[in-house]
1. Long-range amide H contacts for T57: which residues qualify at under 5 Å (H placed 1.01 Å from N, peptide plane, sequence gap of 5 or more or a different chain)?
2. Restricting to DSSP loop positions (anything but H, G, I, E, B) with no more than 14 other Cβ atoms inside 10 Å of their own Cβ, which GluC sites (Glu not before Pro) remain in segment 565-647?
3. Quick one: 3J(HN,Hα) in Hz for segment 336-345, Karplus 6.51/-1.76/1.60 with θ = phi - 60°, rounded, Gly and Pro as x.
4. With a 10 Å Cβ neighbour count serving as the proxy for reagent exposure, in which order, fewest first, do T497, T584 appear?
5. Using the Kirkwood radius over Cα pairs, work out the Stokes-Einstein diffusion coefficient for segment 19-162 at 25 °C and 0.890 mPa s, in µm²/s as a whole number.
6. Using the Karplus curve 6.51 cos²θ - 1.76 cosθ + 1.60 with θ = phi - 60°, what ³J(HN,Hα) values do you get for each residue of segment 117-128, in whole Hz, with x for Gly and Pro?
7. Work from the charge dipole of segment 522-643 (Cβ charges, +1 for Lys and Arg, -1 for Asp and Glu, about the Cα centre) and give the residue of F597, Q556, T571 farthest towards its positive end.
8. Could you pull out every one of the lysines with an alpha carbon less than 20 Å from that of K347, ignoring same-chain neighbours closer than 8 positions?
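All of the numbers you see were taken from the coordinates with simple rules; none came from a lab. Being a predicted model, the structure only gives us computed values, none of them experimental. Because the Cβ atoms are built from the backbone with ideal geometry, glycine has one as well, and the counts that use them run over all protein chains shown.
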Amino acid sequence: MAQAHYPMPAALKDEARLDAARYQEMYNQSVQDPESFWAEHGKRITWFTPYTEVKNTHFGKNDVQIEWFRDGTLNACYNCVDRHLAERADKTAIIWEGDDVDEQKHISYRELHEQVAKFANGLKKLGVKKGDRVAIYMPMVPEAAYAMLACARLGAIHSVIFAGFSPNAIADRVNDCGAKVVITANEGRRGGKGVALKTNVDKAVADNACPSVSSVVVFQHTETEVPWNSELDVWWHELIGNCDSDCPAEVMQAEDPLFILYTSGSTGTPKGVQHTTGGYMVYASMTHEYVFDLREDDVYWCAADVGWITGHSYIVYGPLANGATTLMFEGVPTYPDETRIAKIVDKHQVNILYTAPTAIRALMAKGDAAARGSSRESLRILGSVGEPINPEAWDWYYNCIGNGKCPIMDTFWQTETGGIMITPLPAVKDMKPGAAMMPFFGVQPALVDNEGNKLEGVAEGNLVIADSWPGQARTLWGDHERFVQTYFSTYEGYYFTGDGAKVDEDGDYMITGRVDDVLNVSGHRLGTAEIESALVAHEAVAEAAVVGFPHDIKGQGIYVYVTVVEGTEPTDELRKELIQWVRTDLSPIATPDHIQFSPGLPKTRSGKIMRRILRKIAANEHDSLGDTSTLADPSVVESLIENRLNK
Ligand code: ATP
Ligand code: MG
């Protein structure tokens, strides 16, 4: 299929900080002389002691060394808060939009400083000090950011646990890192309903199941009463009641850990990814500024959750390090109805909107209704992250949300990469729907075949990164061996992403999905993402997931799960039509063997389709589904098993 090009809007070209020539110049410098490039750009962060060393890195099969700015000292919270007080004290740091349409708050940098310092002093009273671990299980309220920043201020390592996780998942994560304190709220609010956060924490720590925990801090977010355990529990407001708003920021080494964060579990058991302070801050803030072409007066909204890496790097650390105004939204895109996202954009005059394909597809399923009653004229730049965005969804996002004038930054990256790796950049190059395009500064992507041979020119293969970048994870908490094994042992000398990609004749990258998801049908390699894109392009299809299953003749057969759009009947007729559709749109080789209609698909809590579970069902191996702890709605799986077609 020929790839459509969308030009960068002319207005943007005149004002953007980059253009093609400037990007190329900076990129070349960043890979030809990373030492001097990062020596210069590392200065964007405020250091207590400047670094004299920049890069000590080595990717070996068994020995991996990753250190950046090693002898510099700094504090991440100081960079996000204190350093803005001189010039931006009255600027809004956080706009909070509640689940309820009538709830909102503006928090200035001055107020942010006060709240964070007070809470840090509160944590000190509970005995939290440098190097301790603190678990954060919070709704999307400003206090979640205060808690993260307060930990960073003290040099404590936070581990944010997504507020949708079960008591077992909380206990696993708390015990894995030996957290001393758990910070939660009495209740969260999502889609008009309460989320029993405190109750979940109670269940997690009951019967001394989390022996490391000595306190549970409870922020009172709603009026709902919760059971109280006076041995552990302490109210947030009581804890900070008589706390001073002066709390010096701890002096941290560049390589001191900043946080631990578990991956979403799409491919297996979640990994406790560990990031450090210096390189992460430099990389998160720099990517945030360049990818979104940030301007001083922008209202920037990343609609992710702080429970994911996107929330860490692009709701909290990146934007606040840049002194930006970052919007935090407590609710869901479809409450009270599908116009919510667009209405928030208008209400707060959002200039930059960064969200995920799962949200885009959910809104797209309602046709153009999502844009009803809003102008979205304030928008300048859009972003997407988390999964490949199929051209159909790209197009809808571009036209329906962006009024056909805002470029989409399709950012490819991972929990492990700390920040955006491959992405379009405003005004640098025309866009291609579904293509992540170009490496960010310092990133050296490459494609290798299954034997590890580097592929040149137009190619498709395994996506690896040839050299370190500052935002890279340093290890998996308590399991360095798994770190080396998972990322560095497959292809010698490279960091392996686990994803596949294509490079086209212009040298642009297109992510094809997890390499585990590539099918081999009668000797033909087929990307599941490509078949899914074809299906979603049909007007009756809201969402599709494609997996392979063992097939006697073809080696692998194609098993398709389809969710139809509202108001459409999932009939045999439609099934036949979809099969024909894929045959003509893509290729007869891609003919689905089975199409199972399903009202929902199994997703991680971050909204990604869990194909490994779908593979098991398609292969009739549903007795051994593997780790399902991060599944958003287990009942979806039961009904899929019951209605499976490959019995
Ligand atoms: P786990 O590693 O536990 O299986 P996960 O990989 O889903 O979980 P994340 O680190 O949140 O956890 O997700 C990173 C993955 O998301 C990438 O490896 C890639 O597969 C996918 N991804 C992210 N952004 C994009 C994008 N713009 N285009 C295509 N895929 C993307
Ligand atoms: Mg992963």
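1. It is E67, by chain and number.
2. Numbers: sites: E566, E573, E577, E621, E638, E642; in loops: E566, E621.
Here the GluC sites (Glu not before Pro) that fit, given the DSSP loop and packing criteria, are E566, E621.
3. With coefficients 6.51, -1.76 and 1.60, one gets x, 7, 6, 8, 4, 4, 5, 5, 5, 4 Hz.
4. Numbers: T497 23, T584 9.
Ascending Cβ contact count within 10 Å gives the list T584, T497.
5. Numbers: Rh = 18.0 Å.
The estimated diffusion coefficient comes to 136 µm²/s.
6. 5, 4, 5, 4, 5, x, 4, 4, 4, 8, x, 6
7. The residue sitting most towards the positive pole is Q556.
8. K91, K105, K405
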